[in-house]
Every structure is written in structure tokens, then in C-alpha cells.
1. Run the quick spin-label model on B:Lys174 and B:His338: label points 7 Å from Cα toward the beta carbon, then report their separation in nm to one decimal.
2. What distance in nm separates the two pseudo spin-label positions at B:Thr534 and B:Gln391, each 7 Å out from Cα along the beta-carbon direction?
3. Over all directions, average the projected area of the Cα convex hull of region B:508-576 and note it in nm².
4. Using only Cα atoms, figure out Rg for region B:390-502 and give it as a multiple of 2.2 N^0.38 Å.
5. As a footprinting exposure proxy, order B:Thr491, B:Thr516, B:Thr233 by other Cβ within 10 Å, with the fewest listed first.
6. What order do you get for B:Thr111, B:Thr265 when you list them from fewest to most C-beta neighbours inside 10 Å?
7. Provide the net charge surrounding B:Thr583, with neighbours chosen by a C-beta distance below 11 Å and charges set as Lys +1, Arg +1, Asp -1, Glu -1.
8. Could I get the Rg over Rh figure for region B:499-638? Both from C-alpha atoms, Rh via Kirkwood, rounded to two places.
Amino acid sequence: MDHYKTLGLGRNATKGEIKEAFRRSALKFHPDKHSQSSKEVREGASLMFKQASEAYEGIGTAYSVQLLVMLARDIVEGVARRAGSSD
Amino acid sequence: MPLWVPVRSQVAPAACLSPSPEAPRALSLFSSSSVFPLPNSQCLVWRTDLLVISSFRMAEQPYMVASDSETTGDDKSQSAFHDLAIGIEVGTSKCSIAVWNGAQVELLRNTRKQKAMRSYVMFKDDTSTGEVPSGGASNKTAYEEKEILSGSAIFNMKRLIGRADTDPIVHASKNLPFVVQTLDIGVKPFIAALVNNVWRSTTPEEVLAIFLVELKTMAEVQLKRPIRNVVLTIPVSFNRFQQIRVERACTMAGLHVLRLMPEPTAVALLYAQQQQQQQQSLHGSMGSGCEKVALIFNMGAGYCDVATTATAGGVSQIKAMQGCTLGGEDILKNVLYHLLPNFDSLYSNRDMNKIRSMGLLRIAAQDAIHRLSTQSSVQINVDLGDGTKMQRVLHQSEFEEVNRNVFEICEKLIKLCLADSKLAAEDINDVILVGGCSRIPKIRSLVLGLCKKEKEYEGMDALEAAVTGAALEGAVASGITDPSGSLDMLTIQATPLSLGIRVHGGGFVPIIQRNTAIPARKSMIFTTTQDGQTEALIVVYEGEGKMVEENHLMGYFKVTAIPLAPKGTAEISVCMDIDAANTLRVFAGAMMLGTDRANSPFFEVRMPTLDDAHGWCAQALVKTHGSALDLTTIPKELQPQKVQ
């Protein structure tokens, strides 16, 4: 499966941008940042962290920063949806 | 078991009020109850008089909070400070506690004003008491160290915990004053302390629990609040069995482990904070700034760790870690055998006079090693009490020669860690040296030399960095924020060891590679090795060996309902997941032929399922099942590439 094709992303993100994107998603989704969140949000965020780190590590420097950004958006929406539905 | 009962509504299950009848010993710390006001206008009565710390099984809920509105109370976000986790570093030799005080990290002191307390538990008469509040002797007070070395105290718990009696480290511990007995069959070693002239048995786990109770009590008295959450530092090389034993000891002590943190990771977090603050003062903004790479070398009395971390914008990412059981204890042992080649004869028959001589020699050797950090030679004068007097000079060159093997291992670890993190010496911005042994001149020059640096990073106390980092993590993971931004940081931990399964022929296939960021989830597809194979054994191991027998067996279970198919065609998915609390779960099951759907419900197994690293279970499995239930890998290009 080609992530770029699937997500229609360019391949021109720099190494620095990719690292930066990963750090930003880590700050958003790492369990340490969700100790006061509800269980749903915490678990959703944790899953997102795993995906972001797998993407970061797996595709490494060739990986597009946009994918991480998109992933981050999905996560936020997903978490919000789940949190909303559980109330 | 400490028990929390609100004053207004005295609700608590009766079962929690009585100690387990099987519990052989109860330890009373406070005979009276203490009352603490709580922010949400409740009042808690603190009862530790029911504390039972011996041999009860790990309970799911080590403590209980009862309140008007909520019976569990756990998910309720109470005042953050009430639940603020403290940082504890239980070292092989010394131990310290630190806590975020609202503005910075503060190390607690015992009643003798010491921040670094000696890690040991004294067993005397019928009561066993760790001596944290009153003890924690420094090396200079030889009398107390002499007591610790009399056979009545257990120390070096960190080197013994979670190891089987076949472990070389357990064998090497036989020259300690207390009894370490091995039967070499892969079970828990027998350890015992001298009480009223009888060797009374205990376990490293129990000793650690007693010690932790003392620490907990000390912290509660000083902080005037109950303590339940802790961030505990551990060596990089701790396998899951060792981690679980440490967690159980905490549970026995009424503590909940919020995070287990490899020591260099804790140091990395402190480094991230310092870098963040520096950036802020330079640029006055929260910009992520440039990335800084640090190599952290940590060597204490029991363990040596090396890690590399990349830090920017307050986020520290561990790139690689290496560690092994190597420390001041090994250096001390080398020196002891150098001073007295027949040192073995001192402890073989456990004669009380010999134990005393051994203790005196240990103290003299330790003192000499410390002095050699600043002097080129030291005079040793010690009367061993049995007519033997040792008077000699020990030169630094001699010291370095007898410890050559130690330095070689340190060098190897650093090289491996750099290679793992794909870094060259030139890529490193800072070299951080922490732990007692980092004060040894040879070790400093060795680490700095390998990293091509003139000097080490300044601004960290070598003996306080790890516990300070643990307290920072305690604050961050407890959800505390700081208006000045001192807690706007994060450390992304990594798995120190690979996790995987056994395949046909006894090979080890890692599913989660070492140095993977935690939390992590990885999966792989395997296939059958027999025609029409309907069941497969999933045998989980942790380690770096290519063959399973070099690694630690975590547990096993059987995947069933594999669709009938020729060998090599059925697909079995094995997924491993490590959550924030470092719990490892393995999900496995067979897929419907030619689809990515499960053939029947998957199995979810929390690992380890074994109680100890029993290598012989693996032998028994092979003996009973041969290769009938074996799995094998499929080519990499057939592995699903999706991020799942």
C-alpha cells in the first residue's frame, strides 16, 4: 500500500519538517498529556500516538509531513466523535 | 494495605478491613490514625495500622478510595496535586525521593538530612525494619556500614530482584554477607538474613517492599499527604520479569506505579527541561528551536546504561538505549580479589568472624575506590580482626588494570548505542555523565573520548539527575501544568529490548524491535509449517538473541481455528501492543484464507503469563509438541504495509 498515493501527498517534506510534525503529534497524543482526559480520549490519543510513531519510524525521512498532519486531524476528530457519542 | 476511609461516610468493604489470614507478618507503622484535609472538602482518615506487607498476592487495586459520589474514585479528576506522583530512584547502593513542589523539583531528606539514603533493610529480632528514616548511612560512618555488612541486613536488592538462580549475577552475589543460595534449576534464589543467630529467609521483592514502605512513610510525613502514585526509575537492562517484580514490590508497599522509567530516560527529561528553559531565555518564545542530541552515560553501583536522545521544543525522544548489569559492585569485587586473592575463602563457610572480616575489607576497598577518583594512589590500612592486617598502597594504574574488563564493557555499550541510533561522535552536542561511577576518572575520559568531547555537560548533579527527572515525569504524567512553562515537555520512551515470537527451528523473530517508541503497536503475519495445521503455538520472548534460547521466555498460548490449507498458505496474525503503563498484550488469530478478516475471534493475552523466566517451560513445550504447532515467517513483501 502506498501512503502517498492513498493520501494524495507530495514527497517533498524535509527531514526537519517530518521530525517537527512528529514532535507536535507526540505533544498532542502522548499518554503523559492525557492523564486528566476521559478514558475514551486517552485511549484514542494513545492509538493515534502509536500510528504516528509507526508512520514516523516506518517511512522515516521519506514520509510526508502532510500525512502526519492529516493523521493528527483524523485523530482529533475521531476522539471528539468518540467522546461525543459516549456522553 | 493502606486504606482510605472518608469520615463522613464510613463505607468500605469489610474484606478490606482485615488483613489476609495467611499473611505471616504484619508491620505496623503508625498505631494511630492520621487525618488529612482534602481539597474537595472531604476529610480522610489515614489508617496504616493494617498494613500487611508479607506474601499477599498482588491485588488489582492496591488501595481504595471511597467517597460520597464515587466508589472507585480513581477516574475522578481530583485536585492534581493530591495525586501528584513522586519520583523514586531505588539504587543498588543508594536511594532518593523527589517531588515537584509547584515551582521546581525538590529532593526529600531523611531525619539525618541526607538526600541519598543507603538502600538496605535490617532484619533484627522479630521485626524487620528498613532504616530509611533513621538509617541511610553514608559511607563515612563505618560503624553503620559494618552493621549492614554483618549478615543481618539485606542490600543490593536491585541486583537480585526478578532473577533466577541460574543467573550469573545471582551467583556473583554469593560473596555478600547475607545468604544467597542457588540450586541452579531456574527458580527464585533463596536469600536469608541473620536474625538471632538463625538465617531467616526472605525474597528480594519482599525486602524491596519493606524498604519502599519506609520511603513512602517518610515522604507522607514530610509532604503531609498520602502518597500512592510513583514514578520509579529502573535500569535499561531490566527485562519484563524484573519490571514486574519491582511493580509487585510497589503494590505490596501500597504504591501505584504510574511509570517505570529507565534511568537515562529520566535524565533525558531533565535535559529537555534545561534546554527548553535555555531556549526560552535566549529567544523569549516557545519556539521549538534547533534539535540537540545528547549521549547519556549512567553508571551506578549495580547497572550501566547508555542512551542517546534528540531534544527540541521540550520533547525528548530516546533514539537508542543499551544497558547491562555492571557497576560499582563489579569494580569493588575486582578490587577485593586483587587485594585478597583468596577472598572466596572468607565467605564459603559463613563463619561469623569471617563475615566480619569480609565486611571490614569491603568498607576499606570501597573507601579506597572513592579516594582514587581524586588521588593517584591511596593507602589501605585495615585490621581484618582475625590476625590479618592489610597495609598497602593501591595505585590508580593498578586499579585501572584490574578493572579493565569493566571499562571494555562500558566502551562496547557506548559504541553499540551510537550504532543503534545511527549517530557518529560528531553528531553529539552534549555528553551527560551521571551515577556514582561516572566520577571515576578512567570512565569519564573513556566516555568523553568515544564522543570526541573535551568536557562533559554541566548543570546536572550526577547523583540527583535521575530522581529529578523521575519527579518531573511524575508531575507531567499527573497532568500538572506550570504557568512558567517548566513542565511543557515530554519524553518519548523506547523499548529497551525486542519482543517477538519463536518460529520453526527455534529462531526468534522480533515483532516490536528494541528502541521502538512507547506506546507501540506492531503486527506481523506468520504461516503454518505443516499441511492441514489447525493450531499454532505462539511462544513469546524478550531479548536480542537470534535464537529463542538466548532470550527470556514471557509466555505462550495456542491459536486455534486455522483454516485447513497446505503448509505455508494459512495466515496467522500476531500483534503486540505496549500501552502507556508498559503493559504488553499479544493479540493473535488465524485469518480467513485470502482475506484480511479473522477466521474466528482472536486471542488477547497479557504477557508475561509465566511467573518467572522458566527456561524449562520452553523445553517442555518442545518435548511435548515437537514442531507440530510451529509457525514460520512469510516474506517481507507479503507483510501488510498499512499503518493499522
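What follows is calculated from the coordinates using simple rules that are stated; it is not laboratory data. Because the structure is a prediction, the values reported are computed rather than measured. Positions of Cβ are backbone-derived with ideal geometry, glycine not excepted, and every protein chain shown enters the neighbour counts.
1. So the two model labels end up 2.5 nm from each other.
2. 8.4 nm
3. Spelled out: convex hull of the Cα atoms, projected over all directions, averaged, 5.0 nm².
4. For region B:390-502, the normalised Cα radius of gyration is 1.39.
5. Details: B:Thr491 31, B:Thr516 23, B:Thr233 26.
Lowest count first: B:Thr516, B:Thr233, B:Thr491.
6. Ordered by Cβ neighbours within 10 Å, fewest first: B:Thr111, B:Thr265.
7. Working: positive: B:Arg240, B:Arg585, B:Arg606; negative: B:Glu247, B:Asp577, B:Asp579.
The answer is 0.
8. Rg divided by Rh gives 0.94.
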